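Pasting in a structure now, in structure tokens, and then I'll have a few things to ask.
Values in this text are rule-based calculations from the coordinates and carry no lab data. Small disclaimer: the values here were computed from a predicted structure and weren't measured. We place every Cβ from the backbone using ideal geometry, glycine too, and count neighbours over all the protein chains shown.
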Amino acid sequence: MPPPDPARRFHPASAPDYVPVEQLRDLQLARLQRIVRRAHERVPLFRTRCQERQVSPADLRSLEDLGRFPFTLKTDLRDTYPFGLFASPMEEIVRLHASSGTTGKPTVVAYTQADLDVWTEVMVRAFAACGLHRGDVVQNAYGYGLFTGGLGAHYGAEALGATVIPISGGNTDRQIMVLQDFAVTAICCTPSYFLHLAERARELGADFSRLRAGVFGAEPWSEAMRRRIETDTGVKAYDIYGLSEIIGPGVGIECFAQSGLHVFEDHFYPEVVDPATGAVLPDGAEGELVLTTLSKDAMPMIRYRTRDVTALIPEPCACGRTIRRIRRIGRRSDDMFIIRGVNVFPSQVETALLAVEGTLPHYQIVLTREKGLDEVEVKVEVTPEVFSDQIRALEALQHKLEQSLDHTLGIRARVTLVGPRTIQRSEGKAQRVVDQRQI
Amino acid sequence: MKLTQLSLFLENRPGALRLPCQVLGQAGVDILSLSLADTQQFGILRLIVKDTERARKVLEEAGCVVKATDVLAVEVPDRAGGLADMLGAFEGSGLSIEYIYPLVAGHRGKTAVLLLRVEDPEKAAAMLAGRKVRVLSREEALEAVGA
């Protein structure tokens, strides 16, 4: 008989995951009223927006009333750079993080000591949901620094009682040496970086049979990618969700059921809204995830528009947790591209490639504009499995890939077969879409 | 009866061919024969070497996608019409040739050795032998090319 799945065991830190729903709603409302009052008192932008909509904290008598309050957008953080949305004086702020602003200024987020404690608590609960516990050796390959991934996972794993290796990102060969020699049982990194690690480990003949679980996040990834990781490496791949504006990693996590991500909704209140109208949608409907921090003092986020598309899953989970789940984020609006009027998501491209090859090859989508017309090129790395010594076999493969893409996406895409490892493997986020269009 | 050929995927860009050749050179692997198939987008390099396993290993370590396939080494009279005569053996056999490239000419004075890629090498070898076409063993083929 196989050993029992540790992710099924109850961990004391996870107690808040199982509180009765009515009790949870009461707690959420009490916390929500407090945090909205705090933001209203201390954040001028929020107060002005409330006045414009003629709402005040006193109007918040039920959780549903939250829908009357204004949204907070990513651009609000940028427009009030660096400290405009802070609700605590610097004397009470013990940590600052910042996003890797690819365009212009980064977005800055702040934490009081109590905020850091909340963050650590949700990360402990996240790791516990993945079956990690005291005795696990956790290699934390998220980048340490301004990015929230590294330190968030670090303090969570440490508070859990696990042994933390703060290796940070990069230096793949050293990662593999440590993974093998330190008998690592769990790893935290982006899923694309883990694939890169696994590939290199195979080349080096490294043994990481002790590695049991991967806590993967910071980028959207598909079920196909999960299957590839789990089949190729035997590592159970858990999806973790978070964003620095809310707290960092630890907003949501998969349990052993791997069927949606539980949101730690005693700290982060989720809504799903129609991205076009902003109207709150019922549980089960697909829309944009909007999050409100219920217990973050330094920088309360009221109704933050995440741009992540998901749906709330109201049904109880096999694991018994009462906190609701969100569907895995298949797409971020910034990952989506519009080509000849058609919305395309990289996950759809993955599905199309998988249908032909059986496994997911490394790929990259290149968008160009030729004579005013958008062109999609999908570069696909040739693997030993599909390679043939016959031209016509490779041309047939190319043709089949194009047909599958056409069928799945509804647009013509040109497939280019490229040599192995010619598509750049990022140490952090995978760049799946390269947009070279001059718009 | 069969010779192992290594095929490599090449991107259609400057320098793509040189890399595997350099890798083999550094490993001391001598290329006995080669053929290069090209399309607008990519190419396939097919190689015959003596130490196939070693060549494959160094090429894969260098990041090449390599496939091993069997080809037949067939002796053809080195004279006008020699090839046409050999191809005549295929007539009516239902077997077809994917591609051909030479291993060596001037072997034993008046013959050439050609490499044939066919769908079913066993069947083709038996058929050719039955029609008086000499198919060389691996050893004979290597000897013919002086390896």
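Take peptide B:7-16, look around each residue's Cβ out to 10 angstrom, count Cβ atoms belonging to other protein chains, and average those counts.
Working: counts 4, 3, 13, 2, 6, 3, 3, 0, 0, 2.
Taking the mean over all residues of the peptide, I get 4.
For a test of the definition: using alpha carbon positions, the gyration tensor, and the 1.5 limit on a/c, classify region A:202-286 as rounded, prolate or oblate. The partial results should precede the final answer.
On the way: a/c = 2.67, a/b = 2.26, b/c = 1.18.
Cα axes put region A:202-286 in the prolate bin.
For A:D117 paired with A:A58, estimate the spin-label separation in nm (one decimal), with each label point 7 Å from Cα along the Cα-to-Cβ line.
Once both label points are built, they end up 3.2 nm from each other.
While we're on this one: What is the Å³ per residue value for the convex hull set by the Cα atoms of region A:337-435?
Dividing the Cα hull volume of region A:337-435 by its residue count gives 102 Å³.
Translational diffusion coefficient, Stokes-Einstein: compute it for the protein assembly as shown using the Kirkwood radius over C-alpha pairs as Rh, at 4 °C and 1.567 mPa s, and state it as an integer in µm² s⁻¹. Before the final figure, lay out the partial values.
Working: Rh = 27.5 Å.
Once the numbers are plugged in, D ends up at 47 µm²/s.
Right, something else. Taking N as the number of residues in region A:47-121, what value does Rg over Cα atoms divided by 2.2 N^0.38 Å take?
Here the Cα radius of gyration is 1.32 times the empirical estimate.
Would you mind calculating the gained length between A:E385 and A:A276 on full extension (0.36 nm times residue separation, minus the Cα-Cα distance), in nm to one decimal?
On the way: separation 109, 0.36 × 109 = 39.24 nm, distance 4.40 nm.
Taking 0.36 nm per residue and subtracting the Cα distance, the gain is 34.8 nm.
Then there is this: Pairs B:K50/B:K110; B:K2/B:K50; B:K110/B:K132; A:K74/A:K296; B:K67/B:K132; A:K236/A:K296: which are spaced more than 21 Å apart, C-alpha to C-alpha? Don't skip to the end; give the middle numbers.
Working: B:K50/B:K110 24 Å; B:K2/B:K50 13 Å; B:K110/B:K132 17 Å; A:K74/A:K296 17 Å; B:K67/B:K132 31 Å; A:K236/A:K296 32 Å.
In this structure, B:K50/B:K110; B:K67/B:K132; A:K236/A:K296 exceed 21 Å between Cα atoms.
Could you list, bin by bin from short to long, the percent of Cα-Cα pairs of region B:2-69 in 5 Å steps?
That works out to 4, 18, 32, 28, 13, 4, 1, in percent per bin.
Obtain the nm distance between the two label points defined at A:D65 and A:Y18 by a simple spin-label model: each point lies 7 Å from its Cα along the Cα-to-C-beta direction.
Spacing of the two 7 Å Cα→Cβ label points: 3.4 nm.
Evaluate E = 1/(1 + (r/R0)^6) for A:F182 and B:R54, where r is the Cβ-Cβ distance and R0 equals 45 Å; express this FRET efficiency to the nearest 0.05. Write out the running numbers ahead of the final one.
Working: r = 34 Å, r/R0 = 0.76.
With R0 = 45 Å, the Cβ-Cβ based efficiency is 0.85.
Once you have the Cα-Cα distance between A:R392 and A:T231, take 0.36 nm times their residue separation minus that, and quote the gain in nm to one decimal. All intermediate terms of the calculation are to be shown ahead of the outcome.
Values: separation 161, 0.36 × 161 = 57.96 nm, distance 3.04 nm.
The span from A:R392 to A:T231 would gain 54.9 nm if fully extended.
Next question. Going highest first, how would you order A:166-176, B:88-98, A:217-227 by mean Cβ packing within 10 Å?
Highest mean packing first, the order is A:217-227, A:166-176, B:88-98.
If r is the Cβ-Cβ distance from A:D173 to B:E122 and R0 is 56 Å, what FRET efficiency results, to the nearest 0.05?
Rounded to the nearest 0.05, the efficiency is 0.80.
Can you find, among A:T310, A:T416, A:T185, the residue farthest towards the positive end of the dipole of chain A? Put +1 on the C-beta of Lys and Arg, -1 on that of Asp and Glu.
A:T310
Any lysines with Cα under 16 Å of the A:K400 Cα? List them, leaving off those in the same chain fewer than 8 positions away.
Those lysines meeting the cut-off are A:K379.
Return a whole-number percent for the relative contact order of chain A, with Cα pairs under 8 Å and 6 or more residues apart as the contact set.
14 percent
If you don't mind, another one. With +1 on each Lys and Arg Cβ and -1 on each Asp and Glu Cβ, how big is the dipole of the protein assembly as shown about its Cα centre, in debye rounded to the nearest 20?
For this selection, approximately 400 debye.
About the Cα centre of region A:88-171, what is the dipole size in debye to 20, counting +1 per Lys and Arg Cβ and -1 per Asp and Glu Cβ, all else neutral?
My answer is approximately 260 debye.
Where a Cα-Cα gap under 16 Å defines reach, which aspartates and glutamates qualify for B:K57, not counting those fewer than 8 residues away within the same chain?
A:E203, B:D30
When only C-alpha pairs under 8 Å and at least 6 residues apart count, what is the relative contact order of region B:70-144, in percent?
42 percent
Turning to a different aspect of this structure: Which one, A:V251, A:F216, A:L261, is farthest towards the positive end of the dipole of region A:184-267 when Lys and Arg carry +1 and Asp and Glu -1 on their Cβ?
About the Cα centre, the residue reaching furthest to the positive side is A:F216.
Is region A:78-187 rounded, prolate or oblate when judged by the Cα gyration tensor, a ≥ b ≥ c being the square roots of its eigenvalues, rounded requiring a/c under 1.5 and prolate requiring a/b larger than b/c?
Working: a/c = 3.16, a/b = 1.61, b/c = 1.96.
Oblate, because a/c is 1.5 or more while a/b does not exceed b/c.
At q = 0.20, 0.21, 0.24, 0.25 Å⁻¹, what is the base-10 log of I(q)/I(0) for region B:70-144 according to the Debye formula with one equal point scatterer per Cα and no solvent? Please give it to two decimals.
These q points yield log10 I(q)/I(0) values of -0.81, -0.89, -1.18, -1.28.
Then there's this: Under the definition of partner shielding as Cβ atoms of other protein chains within 10 Å of a residue Cβ, what is the mean value for peptide A:388-399?
Numbers: counts 5, 18, 9, 8, 2, 2, 6, 3, 0, 0, 3, 0.
Per-residue shielding by partner chains comes out at 5.
Putting +1 on Lys and Arg Cβ atoms and -1 on Asp and Glu Cβ atoms, find which of A:L291, B:S93, B:V58 reaches farthest to the positive end of the dipole of the protein assembly as shown.
A:L291
Please report how far the C-alpha centroid of region B:53-79 lies from that of region A:287-318, rounded to the nearest whole angstrom.
57 Å
While we're on this one: What is the set of long-range amide H partners of A:R95 at a cut-off below 5 Å, with H atoms built 1.01 Å from backbone N?
The answer is A:Y111.
Something else: To the nearest 0.05, what FRET efficiency results for A:R95 and A:T422 with a Förster distance of 35 Å applied to their C-beta separation?
Given R0 = 35 Å and the Cβ-Cβ separation, E is 0.30.
Taking each pair of different alpha-carbon atoms in chain B once, compute 1/r for the pair, average those values, and report the inverse of that mean as the Kirkwood hydrodynamic radius in Å to one decimal. If you can, show how the numbers build up before the last one.
Details: mean 1/r = 0.0622 Å⁻¹.
With all distinct Cα pairs of chain B included, I get 16.1 Å.
What is the magnitude of the charge dipole of chain B about its Cα centre, with +1 placed on the Cβ of each Lys and Arg, -1 on the Cβ of each Asp and Glu, and no other charges, expressed in debye to the nearest 20?
On the way: 18 positive and 19 negative charges, 38 e Å.
Using only the charged Cβ atoms, the result is roughly 180 debye.
Rounded to the nearest 500 deg cm²/dmol, what is the calculated helix-only ellipticity per residue at 222 nm for the protein assembly as shown, with -39500 (n - 2.57) per DSSP H run of length n ≥ 4? Intermediate values should be presented prior to the final figure.
Numbers: 15 runs with 177 residues, N = 586.
-9500 deg cm²/dmol, from helical runs alone.
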